[in-house]
Amino acid sequence: MAQVEKMTGRERFFSACLMTGMPDQVPVVPLLMTRGIREGGITVDAALRDGVASAHAKAKAEQKFGGDAIIAGTDLFTPVECVDGCELDYLPYAQPSLVKHPTPTKDDFYRFKEKYERDGFQPSARVLEIQKEIKTFIELGYKDTHALPTPVGGPITTAQLMTGSSEFLTYLSDDPDYAHEVTELALDIVKNVCRMMFEAGLDACNILDPFNSTDILPPDVYRKHGLPYQLRLFKYINEELKGAAFTHTCTFTQPIWRDIAQNGCCNFNGDMYPGMDKAKQAIGGEISLMGTLSPFSTLVHGSPQEVRNEVKKLAAEVGYNGGFICMPGCDIDWNVPDENMKAMIDQCAEIKYPMDVAALGDLSEVYLAGHPKHPGKRAPSTEGDEAMASLWAKQGEDASPKDEVNQKLVEAIMEYDGDKAIEWTKKGLERDMTAQEIVFDGLSLGMKIVGDMYERNERFVTDMLKAAKTMDKAMPVLTPLLEASGSGDGPTGTVVVGLVRGNTQDIGKNLVCLMLKANGFNVIDLGKNVKPEQFIDTAERENAIAIGMSVMTNSSSVYVKKVKDMLDEQGKGDKYLLMCGGAAANKGIAREMGVAYGLDANAAVALVRDRAAQAAA
């Protein structure tokens, strides 16, 4: 079969994206957003305030590396930034960070809604700058040669950014009508931002809707509270704006792939756990797929050859018959090495259509993101847990009266049965169990198991919240006893937790706080975008035993190191347990910085409990 005739990047991208034909080679979108700005010699905070400068910086990156699309904007905050009261911290080497949710209370929301209905949509200064960026790209001739998209936060994601993620999850459960009301207003704001992008000459809006991830929302909740708004948004983009719409949803999405394929978008991109090859098999005949080169374990920390091998594996497993665009799974870090950028883009250019898969070589030991053997895959922290194995090994006559109580308490947590939790808490006391035993060997173990199931994609964030509420039902029975025994603060002490500067996705951090509280710790949650001195000052003031720092981007890991360095300079390097976790953290990075690493909420609890035991010894 003859090779496909040479195409421009724009032709290549849209032939694959719209599935109108076979591209000449594997299309690639290198996500040169914050990383692209770096090539222009300016910082991200400056570029976000100057659309023309941002366009010229990214143009330099494209000229250096290549790629088939050039992207205006950097992040999903453009709609929420149009809400009065929203506060972002513009950072020099990373995407901006949401500092203040604009409508954290119902009173705040209704005040804004009244103003919005009276005065209409008012674009933020940055939306106007992105318009200038798009127009500058067009003036430079890029629309003739490249696809021109921009990211825009999706409706339900914008809604939870307006209120706060934990608050919005509570609304979904306890006040769904209000959750819909917030999302309805968010949808209108998102529509207006998209309209302004297309009016400036844009080709496509990539709707970033990570809050719909099955890691966060159960599929039935997504179908009720997320999907209807996506359907309306994509119909608006397709029919009224005559543009293209993509969907980006992070992490575990397999249960909702069929819904995404039918929501009106023309392309699905993201991490696609448990694997892009599986997404290809499930929906690749209906919708094009874009991704999913691992942005951290491969693109940041891998070698150029490892980058090339992962691109080839993606081509062989996902792009063999078209409908595929190679892209990192999420935004890439400011510090991705030049040689890895070039390896990704050059390897895509070398794979021609029609594809000769056999010519790509032996890829049997190369694994895609989501595969258990991929370097970025993490085992659950409860793997091999002796306490869990011991509890369930004792059944029937082998179970002691205390074992039976603990088993029933675990069942109560897993079933979200508050009455059962109270009943068996009281039975535990009748069987001469201490309040501490009931908390740590029963209720907290149930929370640990639910947390482990969450890590295995068997439970959802909403399930974690329901489990915590179940435990809370039993605690009033135990709290007076804990206080009387001198354990009102637990044998554990205080832990200071927060997202370091440059980070805004707080679901993981919230789960860590939840699990620490479930294990009797006093938790000081500093929230998002926390400065190094805030961690230290709070730990000093509250006499904490540990500081937990969540890190979602590699460039933000410098703030973890800053906390360690500041404590060392003050002669307090060993005073606190310093631990980090999050998407951009791993054991090696933590070791280099001299801090502990917790791969999930259960692991964080284990680290702090060990520290507390050492302090009490």
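Here is how the numbers come out for the structure above:
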read-out	value
Residue in the stretch 13-26 that is aromatic (Phe, Trp, Tyr) and surrounded by 21 or more Cβ atoms within 10 Å (Cβ to Cβ) present	yes
Subset tally (residues that are touching a residue at least 40 places away in the same chain (Cβ under 8 Å) and not hydrophobic (A, V, I, L, M, F, W, C)) for the stretch 78-124	20
Hits in the stretch 235-246 (condition: under 23 Å from Met276 (Cα atoms) and either without any contact (Cβ under 8 Å) to a residue 60 or more places away in the chain or assigned to a helix (DSSP H, G or I) (or both))	Ala245
The one condition in (1) surrounded by fewer than 24 Cβ atoms within 10 Å (Cβ to Cβ); (2) closer than 29 Å to Tyr93 by Cβ; (3) not aliphatic (A, V, I, L, M) that Lys517 fails to fulfil	(2)
Some residue of the stretch 494-508 being of a type in the set (Ser, Thr, Tyr), outside any helix (DSSP H, G or I) and at pLDDT 85 or above	yes
Residue under evaluation Met197, criteria (1) crowded, with 23+ Cβ neighbours inside 10 Å; (2) touching a Leu at 6+ places or on another chain (Cβ under 8 Å), criterion not met	(2)
Residue check for Val52: surrounded by fewer than 19 Cβ atoms within 10 Å (Cβ to Cβ) and touching a residue at least 24 places away in the same chain (Cβ under 8 Å)	yes
Boolean, Met327 is touching a helix residue (DSSP H, G or I) at 6+ places or on another chain (Cβ under 8 Å), buried (at least 23 other Cβ atoms within 10 Å of the Cβ) and within 18 Å of Val26 (Cα to Cα)	no
The stretch 299-320, residues that are over 14 Å from His374 (Cβ atoms), surrounded by fewer than 24 Cβ atoms within 10 Å (Cβ to Cβ) and in contact (Cβ under 8 Å) with a residue 40 or more places away in the chain	Val300, Lys312, Ala315, Ala316
Cross-chain or 6+ apart pairs with Cβ under 8 Å, the stretch 469-493 first and modelled with pLDDT of 65 or more, then acidic (Asp, Glu) and loosely packed, with under 14 Cβ neighbours inside 10 Å	Lys473/Asp419
Top-ranked residue of the stretch 303-354 - restricted to ones that are at pLDDT 95 or above and part of a strand (DSSP E or B), ranked as farthest from Thr249 (Cα to Cα)	Lys352
Candidates Ala601, Ala606, Ala544, Ala539, filtered to the one that is touching a Cys at 6+ places or on another chain (Cβ under 9 Å) and more than 24 Å from Leu299 (Cα to Cα)	Ala601
Count of residues meeting criterion [part of a strand (DSSP E or B) and farther than 17 Å from Ser124 by Cβ] in the stretch 190-226	3
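Residues checked against (1) assigned to a helix (DSSP H, G or I); (2) surrounded by 15 or more Cβ atoms within 10 Å (Cβ to Cβ); (3) modelled with pLDDT under 90; (4) under 28 Å from the mean Cα position of the chain (by Cα):
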| position | (1), (2), (3), (4) |
| --- | --- |
| Phe535 | yes, yes, no, yes |
| Tyr559 | yes, yes, yes, yes |
| Val563 | yes, yes, no, yes |
| Gly571 | no, no, no, no |
| Lys575 | no, yes, no, no |
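The values are calculated or read from the model by the stated rules, or taken from the named source; none is laboratory data. Please read these numbers as outputs of a predicted model, since none were measured by experiment. Note that each Cβ is placed from the backbone with ideal geometry, even for glycine, and that neighbours are counted across all protein chains shown.
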